[in-house]
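Below: the structure, in structure tokens.
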Amino acid sequence: MLRAAREFVMKPGFHTRFRLTLRPLLSKVLEPRVNRSNGNGMRIDLHVHTTASDGLLDPGALVRAVTEAGVQVFGLADHDTVDAIPETLALAEAAGLQCVPGIEISAYWGAIEFHILGYYIDPAEGTLTTFLQGTRKARHTRMRAMLSRLGAMGIPIPEAEVLAAARNGNVGRPHLARVLVEHGVVDGVDEAFERYLGAGRPAYVPRPDVTVAQAISVIHGAGGLAVVAHPGLQNRDDAFPDLLAAGLDGIEVYHPKHNYGLVSRYRRLAGRHQLLITGGSDFHGVPDGDHASMLGRPCLHEADFLKLAEAIRSRRETAK
Ligand SMILES: [Zn+2]
Ligand SMILES: [Zn+2]
């Protein structure tokens with residue numbers, strides 16, 4: 001484990017702050033701990049976002065919110081970026097929390113957009129970082145195309161405002177949606193997606209540059225486990241044969257938009273294919289209509305989390 005941690009932090013070209021931050025933390029990160037001090041088992045939420053993607057809280061505010069919510073283990077799952085991982089790991093450790101380093105990669109299965117979660121990834125791994133630079137560029141290109149569609153519809157939105165909404169991080173449709181709300185074009189983020197930005201709507205531009213198989217392979221290359229996020233939202237279970245063939249490791253069974261029926265459907269599916277089970281709140285900060293989720297709701301069962309931890313441990317052992 002320690003040898004793996006050393007290799008992880010000693011990769012060339014990795015900036016000093018990251019190295020110093022991660023060196024003492026990594027072995028702990030890969031060593032999930034069970035803390036039943038409150039007598040109720042662990043509260044685990046493996047799906048939270050920060051300002052590095054479209055969340056509203058920066059790592060410091062997020063860690064405070066996690067603490068206040070009584071969540072002891074949280075998984076960082078920013079869209080297509082690992083930028084918040086070093087700082088969040090350090091702050092979580094200082095606060096006595098466990099942070100699982102992760103990512104949520106947008107990818108396509110045919111014309112359908114899926115989100116693939118990667119857990120326990122090495123954020124410095126070369127193929128992953130090159131891949132993320134490419135997707136960042138593609139996000140900018142796509143945003144410009146959507147803005148010109150809106151412009152052609154008589155809704156001029158300056159690119160600089162959308163980039164500012166993204167705090168110059170990974171720009172995406174939720175940022176544009178918030179700017180549309182600010183301009184009074186729509187009343188809320190949901191309406192922005194329904195009228196303009198959702199798949200098939202007039203300002204929508206697909207980004208079919210990453211396939212689900214590529215996303216899974218990049219996550220595996222970075223030493224992580226690949227989990228399909230909130231499959232109930234896509235509602236395309238016919239994608240599973242391809243996801244499984246690409247080496248999918250798990251299903252996000254617990255998600256605010258999964259009702260009881262979906263939870264049991266995906267628990268059964270996971271059981272049938274010996275897949276891991278994850279879950280979390282998809283927390284983006286304060287409720288804003290589109291992301292009304294609350295930290296720790298739903299939370300993942302401790303037994304499912306321990307299986308995930310065990311899977312990553314044995315994968316690292318085999319990789320040595
Ligand atoms: Zn998602
Ligand atoms: Zn998410």
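Just so you know, all these numbers are worked out from the coordinates, no wet-lab data involved. Remember, it's a predicted structure, so these values are computed and weren't measured experimentally. As a convention, Cβ positions derive from the backbone with ideal geometry for all residues, glycine included, and neighbour counts pool all protein chains shown.
Here's the picture: charge each Lys and Arg Cβ at +1 and each Asp and Glu Cβ at -1 in region 131-197, and of Ala160, Leu176, His140 the one pushed furthest to the positive end of that dipole is His140. When the alpha carbon gyration tensor of region 179-256 is reduced to an equivalent ellipsoid, the three semi-axes, largest first, read 31, 14, 13 Å. For Val212, neighbours were defined as the other residues whose beta-carbon sits under 10 Å from its Cβ, and their charges (Lys and Arg +1, Asp and Glu -1) total -2.
Calculated on the Cα set of region 62-199, radius of gyration then Dmax: 17.0, 51 Å. In straight-distance terms, cross-link reach from Lys307 covers every one of the aspartates and glutamates whose alpha-carbon lies under 14 Å from its own, apart from those fewer than eight places away in the same chain; here that gives Glu31, Asp249, Glu252.
Residue order for Thr88, Thr81, Thr318, Thr278, fewest other beta carbons within 10 angstrom first, comes to Thr318, Thr81, Thr88, Thr278. A crude spin-label estimate for the pair Arg313 and Lys137, with each label 7 Å from Cα along the Cβ direction, gives 4.1 nm.
Full extension of the chain between Asn235 and Ala145 gives 29.7 nm of extra length, using 0.36 nm per residue less the Cα-Cα distance. Shown for Tyr108, Tyr254, Tyr260: other C-beta atoms within 10 Å of each C-beta, ranked fewest to most, produce the order Tyr260, Tyr108, Tyr254. Checking every one of the trypsin sites (Lys or Arg not before Pro) in region 211-311 against DSSP loop status and a limit of 11 other Cβ atoms within 10 Å picks out Lys257. Computed across region 131-197, the Kirkwood radius stands at 12.0 Å (inverse of mean 1/r, all Cα pairs). Ordered by the number of other Cβ atoms lying within 10 Å of each residue's own Cβ, fewest first, Phe193, Phe305 fall into the sequence Phe193, Phe305.
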